[in-house]
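Structure, as structure tokens:
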Amino acid sequence: LCLVYLYGAGGILLVYDITNYQSFENLEDWYSVVKKVSEESETQPLVALVGNKIDLEHMRTVKLEKHLRLCQENGFSSHFVSAKTGDSVFLCFQKVAAEILGIKLNKAEIEQSQRVVKADIVNYNQEPMSRTVNPPRSSMCAVQ
Ligand SMILES: Nc1nc2c(ncn2[C@@H]2O[C@H](COP(=O)(O)OP(=O)(O)OP(=O)(O)O)[C@@H](O)[C@H]2O)c(=O)[nH]1
């Protein structure tokens with residue numbers, strides 16, 4: 001069934017889990033299937049390497065260098081996403097589509113595709129005053 005999707009595809013995403021080294025190693029098999037199908041096709045697909053689960057960066061087992069080397073050796077475009085939080089997912093598809101079409105995305109387009117990361121609101125006023133010499137002026141924090 002997978003061959004049906006691969007044949008004639010303009011772009012192929014090789015997705016692995018950055019916290020699971022085996023999923024990265026498995027890409028070799030997946031890519032050999034891609035190459036086999038591409039041999040029979042007139043047009044060559046754009047291949048993108050996508051590291052998923054960047055929300056679990058602290059549990060990363062696939063080093064960034066490994067990812068980048070694979071991209072360099074095979075001419076893949078490089079992406080990191082989190083399917084869980086949605087981080088960079090749209091951006092990844094937008095970049096791949098732009099690459100296929102030969103369009104260069106401008107800064108505004110790239111920024112628009114990036115989600116605003118909001119930090120939790122902490123109410124410091126509930127903390128005992130004696131603990132802080134200078135109580136914080138603001139109880140809100142948002143990273144944009
Ligand atoms: N933290 C985190 N968990 C994720 C992310 N993407 C997927 N998961 C979790 O990883 C597990 C596997 O996700 P699936 O969507 O089943 O992935 P799959 O590759 O289809 O896995 P199989 O069905 O086993 O082939 C689930 O528990 C998801 O919730 C992510 O970006 N971050």
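How about the stretch 36-89: which trypsin sites (Lys or Arg not before Pro) there are in a DSSP loop, with at most 15 other Cβ atoms within 10 Å of their Cβ?
Of the trypsin sites (Lys or Arg not before Pro), the ones in loops of the stretch 36-89 whose Cβ has at most 15 other Cβ atoms within 10 Å are K63, K84.
Using a 7 Å offset from the Cα along the Cα-to-Cβ direction at both M59 and K104, what is the distance between the two label points in nm, to one decimal?
4.0 nm
Are there chymotrypsin sites (Phe, Trp or Tyr not before Pro) in the stretch 1-80 that DSSP puts in a loop and that have at most 15 other Cβ atoms within 10 Å, and which ones?
Filter output for the stretch 1-80: Y7.
Using heavy-atom solvent-accessible surface (probe 1.4 Å) with all chains present, what is the largest-first order of H67, H58?
So, going from the largest accessible area down, we get H58, H67.
So, taking all protein chains as they sit and a 1.4 Å probe, how much accessible area belongs to E65, in Å² rounded to tens?
Result for E65: roughly 110 Å² accessible.
Over 15 Å, how big is the tail of the calculated P(r) for the stretch 1-84, in percent of all Cα pairs?
Numbers: 1979 of 3486 pairs.
The share of Cα pairs beyond 15 Å in the stretch 1-84 comes to 57 percent.
The values are calculated or read from the model by the stated rules, or taken from the named source; none is laboratory data. Predicted model, so just to flag it, every value in this text is computed and none were measured. Cβ atoms come from the backbone with ideal geometry, glycine included; neighbour counts cover every protein chain shown. These accessible areas exclude ligands, DNA and RNA; they are computed on the full protein's heavy atoms, side chains included. Shrake-Rupley method; radii C 1.70, N 1.55, O 1.52, S 1.80 Å.
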